[in-house]
Amino acid sequence: AKNRGLVTAYYHSHPSGNPTISEFDKINSENHKLKCIIYSLFTDIFSEYSPQNYKFKYIGRKFEIGKNDCYSLVKDYYKNELNINLGEYHRQEGWIKSTPNIFEDNNDIQNFHKVQSLSECRKNDILLSDFYKQNRPTHCCVLLDEETILNHDRNQYSCIEKISDYY
């Protein structure tokens, strides 16, 4: 498109209904320095976002178990965005064997309840998954909207990404 003229914006639709600009959309708009235009098929509403030096403070954290890992990202997000203080659970290399049920053993303390389907989840819910095939949760992330998660995989930088069957 750049070869045919000046690109001033990019456009995509949100087929599942959310007409608002997501964190993922804002970050892409900032990175490309282009206006983002969103159309919600469900609500028949357009939304726009123009770059304004927006920084999402949870992106780009270097992974370090127990300090900058999936749980610390979720914990920081809950504290800063929702004013909810989650407990601190000691994590170190090999925690999966030494404290194997860290998420399930503590969900009652935090007043969480378990659902079995992504369709039952709402924005800001914590998603638990079994990355290491241990038949119990070994990873967590935050649902930002029906399509994206705030995530920090092992040995990766924290990011926002599209939800997939992998999670």
Any helices (runs of 4 or more DSSP H) falling wholly within segment 26-139 and containing at least 1 residues that are modelled with pLDDT of 90 or more: 70-82
Pair list, Cβ < 6 Å and 6+ apart or interchain, from segment 33-46 residues that are at negative phi to residues that are open to solvent by less than 40 Å² (accessible area, probe 1.4 Å) and polar (S, T, N, Q): 36/29; 38/47
All positions within segment 51-80 that are loosely packed, with under 15 Cβ neighbours inside 10 Å and among the polar types (S, T, N, Q): 52, 53, 80
Answer from 25, 44 - the residue that is open to solvent by 70 Å² or more (accessible area, probe 1.4 Å) and either over 16 Å from residue 153 (Cα atoms) or of a type in the set (A, V, I, L, M, F, W, C) (or both): 44
Counted residues, segment 1-22 - those being touching a residue at least 40 places away in the same chain (Cβ under 8 Å), on the phi < 0 side of the Ramachandran plot and open to solvent by less than 40 Å² (accessible area, probe 1.4 Å): 3
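The values are calculated or read from the model by the stated rules, or taken from the named source; none is laboratory data. Values in this document were obtained by computation on a predicted structure and should not be read as measured data. For neighbour counting, all protein chains shown are included, and Cβ atoms are generated from backbone atoms with ideal geometry for every residue, glycine included. Please note that ligands, DNA and RNA were not included when accessible areas were found on the heavy atoms of the full protein model with its side chains. Shrake-Rupley method; radii C 1.70, N 1.55, O 1.52, S 1.80 Å.
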